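Have a look at the structure below before the remarks.
The values are calculated or read from the model by the stated rules, or taken from the named source; none is laboratory data. Keep in mind the model is a prediction, meaning the values are calculated, not measured. We place every Cβ from the backbone using ideal geometry, glycine too, and count neighbours over all the protein chains shown. For the accessible areas, the whole protein counts, side chains as well, though only heavy atoms, and no ligand, DNA or RNA atoms are used. Shrake-Rupley method; radii C 1.70, N 1.55, O 1.52, S 1.80 Å.
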Amino acid sequence: MVAGIGCRKSCDAADIVAAVDAALSSHGLARAALSAMAAPAGRAAMPAVEEAARRLGLPLLTPDKAALDRVASGLLTYSIHSMRATGLGSACEAAALAAAGDGSRLLGPRLVEGPATCAIAIGDKR
């Protein structure tokens, strides 16, 4: 299971951890269910995203643009803000799906928690 992350540039690690916890809780899951965190390259390079992955004890995956584009048709959410910033209707949903691998699926639409978003994807490989 992979937590996909999206966030504003003003976001801090605590905001991201709160979004992950809220998304997990909305699906009745605990942190232990996750095997990784994922974000598009522009967000994964942010210190807050790297720090959140460290705090959660998860590897941070950065799917490439081709992988993100491949899953774009399977997104459940469309945000004009995400589209302008990343070219994706939901950066966190795309990151989660791409990182979880072929045949993965979202457990539900992204959850917005303050300046961060999180979507949970489940796949065969992670």
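Remark on residue 36: its backbone amide H falls under 5 Å from those of 3, a criterion applied only to residues 5 or more positions apart or on other chains, H modelled at 1.01 Å from N. Think of a 1.4 Å ball rolled over the protein heavy atoms: the chain then has 47 Å² of accessible area per residue. Within the set (i) 15.4; (ii) 13.5; (iii) 14.3, the number that Kirkwood radius over Cα pairs in Å takes when calculated for this structure is listed as (ii). The loop-placed GluC sites (Glu not before Pro) in the range 16-116, going by DSSP, include none that has at most 16 neighbouring Cβ atoms within 10 Å of its Cβ. Counting only protein heavy atoms and using a 1.4 Å probe, the accessible area of residue 124 comes to about 140 Å².
Amide H to amide H, with H built 1.01 Å from N, residue 108 comes under 5 Å of 120, counting only residues 5 or more places away or on other chains. Assuming charge only on the beta carbon of Lys and Arg (+1) and of Asp and Glu (-1), the dipole of the chain about its Cα centre is about 100 debye to the nearest 20. Per atom type, the chain shows carbon and sulfur on 52% of its accessible surface, probed at 1.4 Å. For residue 14, what charge total do you get from the other residues with a beta carbon under 12 Å from its beta carbon, if Lys and Arg give +1 and Asp and Glu give -1? Net local charge, residue 14 excluded: -4.
Scanning residues 5 or more positions from residue 79 or on other chains, those with amide H under 5 Å from its amide H are 90, with H placed 1.01 Å from N in the peptide plane.
The phi torsions of the range 42-51, fed into the Karplus equation with coefficients 6.51, -1.76 and 1.60 and a -60° offset, translate into couplings of x, 8, 4, 7, 6, x, 5, 5, 4, 5 Hz, rounded to whole numbers, with Gly and Pro shown as x.
Let me check I've understood the local charge: for residue 31, count other residues with C-beta under 13 angstrom from its C-beta, Lys and Arg +1, Asp and Glu -1. What total comes out? Neighbour charge sum, excluding residue 31 itself: 0.
Using all pairs of distinct alpha-carbon atoms, the Kirkwood hydrodynamic radius of the range 29-79 works out to 12.2 angstrom.
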